[in-house]
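Novice: So that we are looking at the same thing, I have put the structure below in structure tokens.
None of the figures in this text is laboratory data; all of them are computed from the coordinates on show. Given the structure is predicted, the values throughout are model-derived calculations rather than measurements. Cβ coordinates were reconstructed from backbone atoms using ideal geometry, including for glycine residues, and neighbour counts include every protein chain displayed.
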Amino acid sequence: MALTAELPATSGEARDRVLALLRAGHLQIDDVVVADALLITSELVTNALRHAGGVTGFTVRISDDSLEVTVEDASPLRPFVPSDTRDGRIGGYGWSLVGQLATSVVITSTAFGKGIHVALRLR
């Protein structure tokens, strides 16, 4: 089961699509796993919008016992974890969270930037 449609304009819209897919799958999924899926989605889309020229592709699907989210953006630069020297800036922890919560993360180059494919085990 997959969801592909118009590109999400906001991270909230992307989260809504993920939640709709999870509900449509009629799976018994722990609330913490759902929260993790929504956080991962939000971080990927927010980073694409804020730092990478926008979302150029968005796909979410359930495959076996995993949720797979792919976000493509317009930047070839890979996400990074900022150094400990923050200079008073807030934020910059989302990419670390994605790596900690996801079952797998794969970054690929695309013709117009990059794609980040994240899988999260649902059970």
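Novice: Per DSSP H run of n ≥ 4, the term is -39500 (n - 2.57); total these for the chain, divide by its residue number, and report the mean residue ellipticity at 222 nm rounded to 500 deg cm²/dmol.
Specialist: Numbers: 3 runs with 43 residues, N = 123.
Dividing the helical sum by the residues of the chain leaves -11500 deg cm²/dmol.
Novice: Can I ask one more? What FRET efficiency, computed as 1/(1 + (r/R0)^6) with R0 = 30 Å and r the Cβ-Cβ distance, is obtained for residue 103 and residue 51, rounded to the nearest 0.05? Please list the in-between numbers first.
Specialist: Numbers: r = 24 Å, r/R0 = 0.80.
That gives a FRET efficiency of 0.80.
Novice: Let me ask something additional. Pull up all non-local amide H partners of residue 66: gap of 5 or more, or a different chain, and H-to-H distance under 5 Å with H placed in the peptide plane.
Specialist: Here the answer is 122, since their amide H atoms fall under 5 Å of that of residue 66.
Novice: Still on this structure: Suppose every Lys and Arg Cβ carries +1 and every Asp and Glu Cβ carries -1, with no other charges. What dipole size does region 1-73 come out with about its Cα centre, to the nearest 20 debye? Don't skip to the end; give the middle numbers.
Specialist: Numbers: 5 positive and 12 negative charges, 41 e Å.
The dipole magnitude comes to about 200 debye.
Novice: So if R0 is 30 Å, what FRET efficiency would residue 28 and residue 111 give, r being the distance between their Cβ atoms, rounded to the nearest 0.05?
Specialist: Numbers: r = 40 Å, r/R0 = 1.32.
The computed FRET efficiency comes out at 0.15.
Novice: Mind listing the phi-derived Karplus ³J(HN,Hα) values for region 51-57, rounded to whole Hz, using 6.51, -1.76 and 1.60 with θ = phi - 60°, and x for any glycine or proline?
Specialist: Computed from phi, the couplings for region 51-57 are 10, 10, x, x, 7, 10, x Hz.
Novice: Additional query: Under a plain spin-label model, where a point goes 7 Å from the Cα along Cα-to-Cβ, how far apart in nm are residue 65 and residue 20?
Specialist: Label-label distance for residue 65 and residue 20, simple model: 2.8 nm.
Novice: P(r) for the chain, please, calculated from all Cα pair distances in 5 Å bins and given in %.
Specialist: 2, 11, 23, 24, 20, 12, 6, 2, 1, 0
Novice: In debye, nearest 20, what is the charge dipole magnitude of the chain about its Cα centre with +1 on Lys and Arg Cβ and -1 on Asp and Glu Cβ, if you could check? Write out the running numbers ahead of the final one.
Specialist: Working: 11 positive and 14 negative charges, 32 e Å.
Here the chain has a charge dipole of around 160 debye.
Novice: For the chain, what is the relative contact order in percent, using Cα pairs closer than 8 Å and at least 6 residues apart in sequence?
Specialist: Working: 205 pairs, mean separation 32.8, N = 123.
In percent, rounded to a whole number, it is 27.
Novice: May I ask you to derive the FRET efficiency for residue 121 and residue 9 from their Cβ-Cβ distance with R0 = 22 Å, giving the value to the nearest 0.05?
Specialist: Details: r = 29 Å, r/R0 = 1.31.
After rounding to 0.05, the efficiency reads 0.15.
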